Amino acid sequence: MCGIFGYIGKREALPFILEGLKKLEYRGYDSAGVSTIQHGKIFLNKSCGKIARLEEVLEARPIGGSIGIGHTRWATHGKPSDENSHPHSDCSDQITVVHNGIIENYLELRRQLAEEGHKFTSATDTEVIAHLIEKYFKETGSLETAVRKTLNAIDGSYALGVISEHEPDKLIAARKGSPLLIGIEEDETFIASDISALIKYTSRVIYLNDYELAVITENDIVIKDRDGKTLKKNISFISWDPESAEKCGYTHFMLKEIHEQPNAIRKTIEGRISAESANIHFDELNLTEKEIKNINRVVFTACGTSWHAALVGEYLIEQMVKLPAEVEYAAEFRYRHPVIDDKTLVIAISQSGETADTLAAAWEAKSLGAKVISICNVVGSTLARDSHGVIYTQAGPEIGVASTKAFTTQLSVIYLLTLLLARTKGTLTGAEIKNYIHDLIELPGKIEQVLAREHEIEKIAQKYYLSNNALFLGRGKGFPIALEGALKLKEISYIHAEGYPAAEMKHGPIALIDQNMPVVVLAMTGKRYEKILGNIEEVKARGGQVIAIANEGDNYIQEKADEVFYLPKSPIAVSPILAVIPLQLLAYYIAVKRGCHIDQPRNLAKSVTVE
Ligand code: AGP
């Protein structure tokens, strides 16, 4: 949603803050700002636009000091503008704050503060925090106490960084519902919204939990709970290498991450499977055999691309584990009073592990007695820590806003988890499981074969990049892949693209078909192949253009479709993971040809940590 970074140490704060914000820019990038303290005086610089614009402003007016905070914004309250950018100040400009989250009761607080004479300069909810701290500092004379009283007065979510002239040696950090980490090095301490901004400087981090507040000085870190009791926190070690958060020669993070998928899947499955013994093991699943045998229903909950992964899981669970399975949008699930109990396994899927709706859905499921396990890509993320068990995808940092390697590693985990459940429930034999495991082990090599032919996709993109609309059709497990292909295209090229179950086309979308509407069809051979061919005929009969994703050796399809991209033959159970690769590349190359910003598409953010 937004990115926060803070520094306190022996060196100049500004370079660290700017570098940290650049690593966090994928979280939100409509405005940015920094504030530092030098010789007891507070300085602030902020502007609408990307961090590059802020750097230009700072070029002309640099700010010094060895303590500071910075912010890169995805607007929630108040349009992107210089005034609405963070950091925000109090009336005396002696306190500055950066905030990621939403203050639900900000209007009422703003009214009260205005009545008490506070002057507001922005339309944001965050500015209320600066004025509340000002108010409580006047009452108590303690910055820490003023911040704690402020946090007790607000409803909503926050990851917060605060500095002040009143106590210029302190950096205060606090969190509730939005992620915030403390990075520790010999002579300096950092705060950041996620690991990608810290990994360059340190691998030693402390995860702040909800309601915790940290008072950080040059030589000390004191973390307290909401009652002010000092806590003893463990230091965690991050295994990501700094290189993985760089582009490594690729034009865009998205293209790099598309190409990382074979190794990301290899890393995700290694150490968890034994093809010989048909064993599957997840270290932190935290589900006993007895608990698995007690499960009589599976409910997936997620958002966006992760929700599409869940849809594939629904098919796999029903087919292989013979259990009823359903998929719920997290935002709907959390408010719908779902009927679940201790026999329900809820699987919450989230790349970031910080998506507000998915977190709330998981908490709701836990409160109703369900076993909740999460599939996350960020170690120590809130969802991972708040679930009964977690299975980490090993995709490494995914910087591109459009999710790619997280999706295919989520599918790999879901596939293995399904096999584990099937083995425990006895719905698949050891021999069957060995075959399925073998199919998954073979998959990364097949993805590499597809990636080696990306120029074929680029040629197709060249023909269709000027389209204004597109339709993606699939059947069975091809349907969620059609949805994912449509989402990829719409979020980075801004073409209006829709995914549909192919059979549904006749019930409305067929009215859209004309010569300007490219229709991408997942036409891998399977028991519905004949039906898919029928759908292609229906599109062609109306002048539509068909781009088919088909299995190699299918010579028939090329008589029907305008374009065909052939996939290496792959077993039907893993075919969705293979079929999404050309769709990712198609969206990428179309967006490049349209001159779109690939890694930071307009209006989007990598992690939606607000409702
Ligand atoms: C995917 O390309 C999008 N960026 C978005 O739909 C994303 O999948 C969604 O916001 C969920 O994010 P999460 O997996 O981190 O929870």
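Coordinate-derived values only; no laboratory data. Keep in mind it's a predicted model, so treat the numbers as computed, not measured. Note: ideal-geometry Cβ built from the backbone for every residue, glycine included; neighbour counts use all protein chains shown.
What is the mean projected area of the alpha carbon convex hull for the stretch 480-611, to one decimal in square nanometres?
Working: hull surface 37.2 nm².
Average of the hull's projected areas for the stretch 480-611 equals 9.3 nm².
Legend: residue pairs K366/K446; K371/K434; K293/K490; K22/K477, Cα-Cα distance threshold 32 Å; pairs beyond threshold, K366/K446; K293/K490; K22/K477. Counting only residues at least eight positions apart within a chain, or on another chain, the lysines with an alpha carbon under 20 Å from that of K138 are K41, K119, K149, K170. Each Lys and Arg Cβ is given +1 and each Asp and Glu Cβ -1; about its Cα centre, the chain then shows a dipole of about 960 debye. When DSSP beta bridges are restricted to pairs lying wholly in the chain, around 60% turn out antiparallel.
The Cα center of the stretch 430-474 and the Cα center of the stretch 68-145 differ in position by 48 Å.
Each part reduced to its alpha carbon centroid, the stretch 476-538 and the stretch 303-369 end up 25 Å apart. Okay, which of the stretch 258-291 sit inside 19 Å, backbone N to the point 7 Å along the Cα-Cβ direction of S236? Correct set: 268, 282-287. Which angle between 0 and 90 degrees, to the nearest 10, do you get for helix 304-316 versus the longest principal axis of the chain when only C-alpha atoms count? Long axis of 304-316 versus the principal axis of the chain: about 40 degrees. For the chain, the longest principal axis of the Cα atoms and the long axis of helix 478-493 meet at an angle of about 50 degrees. Projected onto its three principal axes, the C-alpha set of the chain covers 77, 55, 43 Å, listed from the longest axis down.
Couplings 3J(HN,Hα) for the stretch 444-454, derived from phi with the Karplus relation 6.51 cos²θ - 1.76 cosθ + 1.60 (θ = phi - 60°), are x, x, 6, 5, 4, 5, 5, 4, 5, 10, 4 Hz, where x marks Gly and Pro.
Net charge within 11 Å of N469 by Cβ-Cβ distance, Lys/Arg positive one each and Asp/Glu negative one each, not counting N469 itself? Mind showing how you got there, number by number?
Numbers: positive: K490; negative: E498, D514.
Residues near N469 contribute -1 overall.
The long axis of helix 106-115 is offset from the longest Cα principal axis of the chain by roughly 20 degrees.
Add +1 for every Lys or Arg and -1 for every Asp or Glu among the other residues with Cβ under 13 Å from the Cβ of D155, and state the total. Spell out each step's value before the answer.
On the way: positive: K176; negative: E104, E108, D125, E611.
With Lys, Arg at +1 and Asp, Glu at -1, the neighbours total -3.
Annotation for S277 and Q112: the two label points, set 7 Å from Cα along the Cα-Cβ direction, are 6.1 nm apart.
Net charge in the neighbourhood of Q410 (other residues with Cβ under 13 Å of its Cβ; Lys, Arg +1, Asp, Glu -1) is -1. Full extension of the chain segment joining Q515 with D210 gains 104.4 nm, where the gain is 0.36 nm per residue of separation less the Cα-Cα distance.
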